[in-house]
Amino acid sequence: MTVPTSDRTETRAPRWQGYAEAARVSEILRKEAVGGALLVIAAVAAIIWANSPATDSYFALRDFRFGYEPWHLELSLGAWAADGLLAIFFFLVGLELKREIVAGDLRRFSTAVVPVTAAIGGVAVPALIYVAVVRGQDGLAQGWAIPTATDIAFAVAVLALVGSHLPSPLRIFLLTLAVVDDLIAIGIIAIFYTEDIAVLPLLIAAGVIAGYGFIAQRYRALFANRPSMAWLVLLPIGFIAWAFLHASGIHATIAGVALAFTIPVKPARGVTEGPRAKDLAHEFEHRFRPVSAGFAVPVFAFFAAGVAVGGADGILRAATDPVALGIVAGLVLGKPIGILLAVRTLTLVTKIRLHPALRWVDMLGVSLLAGIGFTVSLLIAELSFPSGSTEGDDAKIAIMIASLLASLGAAGILLARNRRYRQISAAEAVDKDADGTPDIYQEERGARADKE
C-alpha cells in the first residue's frame, strides 16, 4: 500500500485482499441493509409502545418469565432475547471473525494492522471520554464500555444504502474494523461483566463445545449437503453448550462465538472438490444470517429499546444526565477521533500506509459509522445498570440518539463522496480490459475524487 500524500516515494506494502474478497463483502453488505431496516423498525415500535397508553402491557410482555428454574433458565422474555437470541448474532460474528483470521484480511499483518489499530483506538478513546464525563459520580463509571461498541449490522447497512460507488477497500476496512471491534466487546463482556464463575458448568460447557466442533469437522460433508442436519444435530448440542455457559455465570452470548470458532473454514486436508472441500463457515453464514438479521436481532432490539421516556421532563433529564452525555460524546465524537488518531499515528511512526484507494475524508465517514453502537451497546447497557433504573433508561436513550447522529453524519459525508465517485466512474473508460483484468485506474480515480 502506498501513501496517498507526499510520502509516495516510500516502499509499498502489500495490497489489500483480492477482488473475490471484495465481492464477498459486497454480498454481505447487501443482505445487511434489510436487517438494518428491521432493526430500526423493531426499536421504533418498542419506543412507541413503551410510551403509549398501553405502556404497562409492553413491560408486562418484556418481563414475562418462563423456563426451567433448576437449570437457571427461568428468564424473562427480554432476558431470553438478550442472552439467547443474541447468541445467534454473536455466532455469525464468530464465523465472520474466524474467516477473516483464517482466510481474510486478518490473516496477514500488513492488511490486518490498520483496521485492528483503528478498532483499538475506537474503543479506547470513547471509554476515556465517558469516564471523563462521569468522573466523580458514584456508580456511573461502570458504564465505561457502553460507547466502545460498533453495531456491525447497522453500520454496514447504512454503508450499503449510501455507498454503492465507494471503493471496495473502504467497505472491507469497515467490516474488518467492526468485526475486531465486536471481538473486543466480547472480551469486555467476558472479563468485566462476569462476577462469579461456577467451574463445573463451565467445564461441561467447554466439553460440549469441543464435541460440537468435532462433529462439525468430522461430518462436514453431511452438514454441507443436507442443511436440515445442522438444525437437527448441531442446534441441540449448541443449545446445551449455551445453557451450561449461562449457568456458569459467563454471559451466554459468548457461547455463540465459541461455537462459531469450531466450524471449519478451509477444506479438509488433501481435498480439492466435493462437499468436504466446502467452506462450512461460509455455508452456515448464508444459512443463519436471515435468522439473525430477520428475527434474533430485531426481537432483541424490540425488548431492549423500549424505554418510557417520561415526556418532556424525561427528555430534559436524559439530556443532562452524565451517563447520556458520556455515551453520546463517546460514540459520536470518541469513535471517529479514536479511529482516525490511531490510524494516523500508525502511518506516521511506521511504514504502514493506507490502501491507495482510501482517502482520509472517506475514512472520516466510515469512522463516524463506527459510532453506531446500538445492538452491542444496548446489551452492555443492560449489563452495566439495573433493569428499569434511571441510569439504564438514560443510557438506552443516549445510545439511540448517538446512533442516529452518527448515521446522519456519516451519511452526509459518504453520500457526497459516493456521488463524486459515481460521476468520475461514469466519465472514465471501461473499468476492465478485454481479458477481465481488474480496473487499473482505481487509484487514479481515488486521487481525482480526493482533489475534486
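The values are calculated or read from the model by the stated rules, or taken from the named source; none is laboratory data. If you're wondering where the values come from, they're calculated on a predicted model, not measured in any experiment. With ideal geometry, Cβ positions are generated from the backbone for all residues, glycine too; neighbour counts draw on all protein chains shown. Only protein heavy atoms, including side chains, enter the accessible area calculation; ligands, DNA and RNA are left aside. Shrake-Rupley method; radii C 1.70, N 1.55, O 1.52, S 1.80 Å.
May I ask you to list the residues in the range 137-164 that are more than 19 Å from S407 (Cβ to Cβ) and at pLDDT below 85? Break it down stepwise before answering.
Residues of the range 137-164 that are more than 19 Å from S407 (Cβ to Cβ), as a first pass: 137-145.
Passing the criteria: D138, G139.
Could you pull out every one of the helices (runs of 4 or more DSSP H) wholly within the range 286-365 that has 1 or more residues that are among the aromatic types (F, W, Y)?
Passing ranges, in order: 297-305.
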Report summary line: Taking the range 371-424 and keeping residues in contact with a Phe, Trp or Tyr (Cβ under 9 Å, 6 or more places away or on another chain) and in a loop (DSSP other than H, G, I, E, B) leaves I372, G373, G388
Report task. Considering only the range 170-197, state which residues are among the hydroxyl-bearing types (S, T, Y) and in contact with a helix residue (DSSP H, G or I) (Cβ under 8 Å, 6 or more places away or on another chain). Result -> T176, Y193
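So that you can scan it fast, the table gives a plain yes or no per residue for (1) touching a helix residue (DSSP H, G or I) at 6+ places or on another chain (Cβ under 7 Å); (2) of a type outside the set (S, T, N, Q); (3) open to solvent by 20 Å² or more (accessible area, probe 1.4 Å):
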{"residue": "G78", "(1), (2), (3)": "yes, yes, no"}
{"residue": "L85", "(1), (2), (3)": "yes, yes, yes"}
{"residue": "E96", "(1), (2), (3)": "yes, yes, no"}
{"residue": "V102", "(1), (2), (3)": "no, yes, yes"}
{"residue": "F109", "(1), (2), (3)": "no, yes, yes"}
Query raised in the report: Residues A319, A277, A268: which one is at pLDDT below 85, on the phi < 0 side of the Ramachandran plot, open to solvent by 30 Å² or more (accessible area, probe 1.4 Å) and over 17 Å from the mean Cα position of the chain (by Cα)?
Result: A319
Query raised in the report: in a helix (DSSP H, G or I) and acidic (D, E), is that true of D105?
Result: no
